[in-house]
Structure formats: structure tokens, C-alpha cells
1. Tell me which of these GLY68 doesn't satisfy, since it passes every other one: (1) at pLDDT 95 or above; (2) within 23 Å of ARG104 (Cβ to Cβ).
2. Taking the condition of being open to solvent by less than 10 Å² (accessible area, probe 1.4 Å), modelled with pLDDT under 75 and under 17 Å from VAL128 (Cβ atoms), how many residues in the stretch 171-210 meet it?
3. Got a sec? Which strands (runs of 3 or more DSSP E) wholly within the stretch 57-165 have at least 3 residues that are in contact with a Ser or Thr (Cβ under 7 Å, 6 or more places away or on another chain), under 20 Å from THR203 (Cβ atoms) and not polar (S, T, N, Q)?
4. Open to solvent by less than 80 Å² (accessible area, probe 1.4 Å) and under 23 Å from PHE218 (Cβ atoms) - does that describe any residue in the stretch 28-47?
5. Taking the stretch 211-223 as the region of interest, how many residues are at pLDDT below 95 and open to solvent by 30 Å² or more (accessible area, probe 1.4 Å)?
6. With respect to the numbered conditions (1) touching an Asp or Glu at 6+ places or on another chain (Cβ under 6 Å); (2) part of a loop (DSSP other than H, G, I, E, B); (3) not small (Gly, Ala, Ser), which one is the sole condition not fulfilled by ASP30?
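The values are calculated or read from the model by the stated rules, or taken from the named source; none is laboratory data. Note that the structure is predicted; figures quoted are calculated from it, not measured. Note: ideal-geometry Cβ built from the backbone for every residue, glycine included; neighbour counts use all protein chains shown. Heavy atoms of the whole protein, side chains included, go into the accessibility calculation; ligands, DNA and RNA do not. Shrake-Rupley method; radii C 1.70, N 1.55, O 1.52, S 1.80 Å.
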Amino acid sequence: MDHHPAPWSIAPEKPVLEEGFIHLWRFRLDLSITEIDQLQRLLSADERSRAKRLLDPHKSCNFIAARGRLRQILARYLDLDPETIQFSYGTGGKPSLGNQSPNRFLFNLAHSGAWAVLGVGKEHDLGVDIEAIDPKLAYEKIARQFFSKEELNRLSASDEHRRKRTFYRIWTRKEAWLKCQGWGFSGPLDQLTGGQPDQRWTTRNFPVDKGYIGALSFSDKVTSILRFNG
């Protein structure tokens, strides 16, 4: 059982998602204005409205890029036009494909800074997170507020020069697991330890690019993880 993702590779034009596999896709969000305009045409009216409500132009463009590329990648699996894909949302805001999804095709999207990561699976719930490492982040205060006792112990036990990176590894694992469960960042987070000791779920970190950390949470029925450049 290989839960360690293979290196990032060129994706096939028509990817096939086998039972027990998860596909991870990474793609950049810092696109040209022309590319952003093209992707915006693929979005639903609701998505375009959400983009307009983001007053920061940079965040608005990143949202358009993330949702447009999400549609393009999902369309390659579903044999649909990207603009025809319709999303439904759970109580925690987690999107799904609803009746368009054959064999319970599942996905989860995360983005931070210039990168986005998309996880897709078949029949198995999954959650992904990605964070750009902020060298100025006051991570100790955040950890005291949101980390469990076990997570705080792990953080304090790490080497001082690697402690901030350890914080981000724990944080991304925690958020990926919460997204896998369909929960948001609400409730007693300091009592939740990123999927452990619940043996039904596995949560692992993976590299994205220099200055970024990603995490993937998935059920114990997943056997292999493939990584693609989108």
C-alpha cells in the first residue's frame, strides 16, 4: 500500500481514476489578464458574483483562476464542457458534483499564494490543504488557540529552527482532515488532532513548491496517490 505520492508528472489528456487511487493536481494562480478573462467565461453566475465581492483584485483573480482551472480539470474526467459543471454545497460549504458525479466522484480544492492543489478520488472522502509559509506569522499564538495538547507537544519538541515549518505541517494536516470530514474551522479545534488516533483516516504532508506545504487526508481504503502538474 503506497501512501507516499509519486513525483509531480505530466497529466494524461484523459485521466482515468481507478478504484483506490487519489489524484493530486497542482497548478499556478498567477496567470495573465488574458488567461483570467478566459477562465472567467467558464464560471457560473454565482461564481462570478463571488469573485466581484472580493474587493482585493489579487484575491479576485486568484479565485477566478482556481475555480476556472478546477472546472477544466474535472471536465477531463467527466467528459463535460467546463462551463456546464454544476456544484452543490454541503452544510460545511464543501462542494460536490451531485448527480453529475458517476460512481461518487469526489474532489477537494485548496489554494494559497500563487498555488492551488486539487485532490480527486472515487468513492473515498478526501480533504486537501495548502499554505504559503509566512516568515512573519506569530504561529505560537495560533497554536495555543487551535492545537490539541498532542499537537502542542509535537510543536514544542521540534528543533527551534524548524519549529515554524512544524507548525505549518500540523496546521495543514489539521485543516485537510477537517475538510475531509466536511467540517469548517469551527467547534473545539483544540480537541481535534488532525485525524488521529482515528485509524480509519490517514493524513500526510506533501511538497508543493519552495515556501509552501500541502496536506492530504483520506480514508484507509486508498492504496495509491498520483501527482500531476495541471
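1. (2)
2. 2
3. Working: elements: 105-112, 115-122, 126-132.
The strands (runs of 3 or more DSSP E) meeting that bar are 126-132.
4. Looking through the stretch 28-47, none of the residues is open to solvent by less than 80 Å² (accessible area, probe 1.4 Å) and under 23 Å from PHE218 (Cβ atoms).
5. As a first pass, look at the stretch 211-223 and keep what is at pLDDT below 95: 217-223.
Filter again for open to solvent by 30 Å² or more (accessible area, probe 1.4 Å), leaving 220-221, 223.
Adding up the residues that qualify gives 3.
6. Going through the list (1) touching an Asp or Glu at 6+ places or on another chain (Cβ under 6 Å); (2) part of a loop (DSSP other than H, G, I, E, B); (3) not small (Gly, Ala, Ser), ASP30 breaks only (1).
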